[in-house]
Structure formats: C-alpha cells, structure tokens
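First comes the structure, then the notes that go with it.
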Amino acid sequence: MTVDAEPRDVRPKPWSWRLLWRLPLLMLHVLVGIPLTLLTFLPPFRHVPIAGMELHQYSHQLWARGMLRVFGIRLLCRGRLPAGPHLVVANHISWMDIVLLHALWPMWLVAKAEIRGWPLIGLLASLAGTLFIERGSEESRRRISRRMAALLKRGDRVGIFPEAGISGEAGVGRFHARLFAPAIRVQVPVVPVALRYIRDGEDLHDAVVFSKGEDFFVNLFRLLSQPACEGQLLIGSALRGQAGGRSDLARRARDIVDEYYHA
C-alpha cells in the first residue's frame, strides 16, 4: 500500500531576507516611478508614439513590468492580444492580477469598489483608470456597463474578472455573464486570458491568494518575501457573441480559460 505524501506548503513565510532589498525598491518604484509615469499622461507627451503604442501607455506598461520585477515575478506571455478594441476576460487569483494585465497592455479594468480604499493599491488602481463597481448594486453595474461600452466604442481595451471575486480554492470558477453585454452591444471580440503563478512547475495559487483572516499588508509582505516565480498570461483566441447571447459567450470564455489554466 502506498501512502500519499503530505502536500508541500507553497506559501512563503511572511518575513524573509528578501524584504531587506525588495521593500526599499518598492518604495522607490512607487515614490519616484509613479510621478515620472504620470508626467507622460500630460497633453504635451501623452500621444507621442513609441514602440507601437502611445507614450502614456508605454510608460504605464513599463511601470507595471517594473512592479512585477520588484516582487520577483517574471512575466511570461503565450499568445497575443488582437489589434483594435476588445474585452479581456480573465480568472482572478490576487490583486497582483491587475499589475499582470497592465504589464501585458495598459487597459481599463473593472474591479470591486473596495479596492479603492486599499493602501497603495487603491491609489495605483485609481491612477491607472480602474472602473470601480459596487457588488450587489444594479445601478452601479448599469453605470459601469455603459462606461465599458463607451470605451470599447472609442477603440480602447477593457478587462474584467468575471468570476466576481477571488476564490480560496484553486481553479477557475463560474463566469458571470452580465459584464459581457457591452462587448456584444458594441460588437467587439472577447479575449479569454488564463492567469496563473508558477514556480518549478507548481501552481502557486495558495501562495498568492489572501489567506483566511489575512489583511492587505500581511499579504503584501508575503508576496515580497516569496522566491522568484512566473506570472503567466495564456491568451486564447478571440470569441464573438452568437445566438446564445452573453451567457453562452461567458461559458465559452470560461471553458477556454479553464483549459489553459490546467494545461
């Protein structure tokens, strides 16, 4: 008879020697990097073309990628986003997912309104142009839906986490369909993206997700303390709404994200 080995605890300790250099780097990246990035959003510089995007987008992406490096997260992208406006839909594991998607391409992201009050991340999310939605409020959902449609019609990329929250369990949950409606209304494609954090071939869901009773600062220090890992973005083929409407579109997108997540 064989005995299953005890599962290895992949969660990093809340304090480690890595904080000695990562914490000062984080402060430098925030206190110096943010003002420099915001300068590129001013009218004289905003629309200057560089590397296939505008200067404010390029600096935003550069800042996000620098943030990942501070936390020891190597960005790995498989696939490419299509040109033109589209709705990015991704699974949700951590607040770091927001940084990961901005490192892929600076896009408008829909996030829960509570994030606006978080230290540091709330400020960063606001500066990045996050659309804050109040969960359980139909009025807020309609307002955000109209805003999403306007942005997509203007030619922007918009991203959502349609699981409507972070699950303590690894894997991809049900995709709620309501925020798929703006993509159908404006007739732009939906791009499914699987997010995962990997170290030595092992899924790090439990290492990055909020633990029970853990507040933001403890989670922040845990992430700063962890050994290097990969933040993977696995981009699927673009989908379009069909006769089944938004529910069918959400189901198809979820199936692709789930397949990529477990690949």
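Any read-out appearing in this document is the output of simple, stated calculations on the displayed coordinates, not a laboratory observation. On a predicted model such as this, the values are computed, not experimentally measured, just so you know. We place every Cβ from the backbone using ideal geometry, glycine too, and count neighbours over all the protein chains shown.
Backbone phi angles across region 163-175, fed through the Karplus curve with coefficients 6.51, -1.76 and 1.60 (θ = phi - 60°), yield HN-Hα couplings of 6, 6, x, 9, 8, x, 9, 5, x, 10, x, 5, 8 Hz in residue order; Gly and Pro are listed as x.
Looking at the chain, do any whole DSSP H helices span at least 20 angstrom along their long axis by alpha carbon and average -0.5 or above on Kyte-Doolittle, and which? Could the numbers behind the result be given before it?
Values: long enough: 55-70 (22 Å, -0.41); 138-154 (24 Å, -1.29); 245-261 (24 Å, -1.16).
Span-like helices here: 55-70.
Here region 15-171 was treated as a single set of alpha-carbon atoms; its pair distances binned every 10 Å from 0 give 10, 36, 38, 15, 2 percent. Restricting the calculation to alpha carbons of region 30-116 gives Rg and Dmax of 13.6, 38 angstrom.
Rank the residues LYS112, LYS212 as a footprinting-exposure proxy: fewest other Cβ atoms within 10 Å of their Cβ go first.
Working: LYS112 16, LYS212 5.
Ordered by Cβ neighbours within 10 Å, fewest first: LYS212, LYS112.
Dividing the radius of gyration of the alpha carbons in region 140-221 by their Kirkwood radius gives 1.06 for Rg/Rh.
Backbone phi angles across region 232-238, fed through the Karplus curve with coefficients 6.51, -1.76 and 1.60 (θ = phi - 60°), yield HN-Hα couplings of 9, 10, 10, 9, x, 6, 5 Hz in residue order; Gly and Pro are listed as x. Restricting the calculation to Cα atoms, region 14-74 yields a radius of gyration followed by a Dmax of 13.9, 44 Å.
Mind pulling the per residue volume of the convex hull built on the Cα atoms of region 109-263? Å³ is fine. Provide the component values of the computation, followed by the final result.
Values: hull volume 19.5 nm³, N = 155.
So the per-residue hull volume is 126 Å³.
Among SER94, SER16, SER225, the largest mean-square fluctuation in a Gaussian network model of the chain (Cα springs under 10 Å) belongs to SER16.
Cβ neighbours within 10 Å, averaged per peptide: list 201-207, 75-81, 185-191 in order, most packed at the top.
On the way: 201-207: 16.1, 75-81: 14.1, 185-191: 19.0.
With the highest mean Cβ count within 10 Å placed first, the list reads 185-191, 201-207, 75-81.
In the chain, the ratio of gyration radius to Kirkwood radius, Rg to Rh, stands at 0.96 when only Cα atoms are counted. Taking the centroid of alpha carbons for each part, region 86-145 and region 13-64 are 18 Å apart. If you build a Gaussian network model of the chain, linking Cα atoms that sit under 10 Å apart, which residue out of LEU249, LEU23, LEU87 swings the most? Residue with maximal mean-square fluctuation among LEU249, LEU23, LEU87: LEU23.
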